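Written below as structure tokens is the structure these notes are about.
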Amino acid sequence: MKTFVLLCLVAAAAADRLARIANYQYGIEEDGAYASTFETTNGIKSSEEGTSYPGNVPESGNYVRSGSYSYEWEGVTYTVTWTADENGFHPVGDHLPDFSHTREHIGEVQDVEK
């Protein structure tokens with residue numbers, strides 16, 4: 001997921017070839033939790049944090065992630081806050097359609113796995 005958000009921001013930054021990373025911070029804890037932020041010279045900002053929830057068997061478990069990113073386009077600042085967990089990626093922004101009702105129609109992951 002982190003890669004997806006980063007690729008979106010890189011695509012936006014491609015429009016401004018002179019943009020540079022002005023600030024980047026990343027930290028990871030022994031338990032797998034992490035936090036990351038960066039800002040570019042053209043005003044793109046991103047922050048993300050995640051918590052690892054190990055499973056009962058190797059190669060299982062889950063990360064719960066949350067974050068936000070913002071960018072300016074034609075004088076308007078767009079901000080997206082998001083969460084990502086076992087039920088998918090959930091972006092929210094004033095400029096995005098509201099799909100929160102979709103879960104009511106398709107159910108949760110646990111409903112499908114039964």
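Residue-level analysis places R103 among those that are modelled with pLDDT under 70 and either open to solvent by 50 Å² or more (accessible area, probe 1.4 Å) or not in a loop (DSSP other than H, G, I, E, B) (or both).
Is it true that S68 is of a type in the set (S, T, N, Q) and under 22 Å from D94 (Cβ atoms)? Against the criterion (of a type in the set (S, T, N, Q) and under 22 Å from D94 (Cβ atoms)), S68 qualifies.
All of E29, E59 fail the test of being open to solvent by 50 Å² or more (accessible area, probe 1.4 Å) and modelled with pLDDT under 80, apart from E59. Across the stretch 32-45, which residue is least open to solvent (accessible area, probe 1.4 Å) among those that are of a type in the set (A, V, I, L, M) and out of contact with any helix residue (DSSP H, G or I) (no Cβ under 8 Å at 6 or more places or on another chain)? Checked the stretch 32-45; the qualifying residue least open to solvent (accessible area, probe 1.4 Å) is A33. Looking across the stretch 78-88, just one residue is open to solvent by 60 Å² or more (accessible area, probe 1.4 Å) and touching a residue at least 24 places away in the same chain (Cβ under 8 Å), and that is E86.
The values are calculated or read from the model by the stated rules, or taken from the named source; none is laboratory data. Worth saying up front: this structure is predicted, and the values here are computed from it rather than measured. Heads up, the Cβs are rebuilt from the backbone with ideal geometry, glycines too, and the neighbour counts pull from every protein chain shown. In case anyone asks, the SASA skips ligands and DNA or RNA and just uses the protein heavy atoms, side chains included. Shrake-Rupley method; radii C 1.70, N 1.55, O 1.52, S 1.80 Å.
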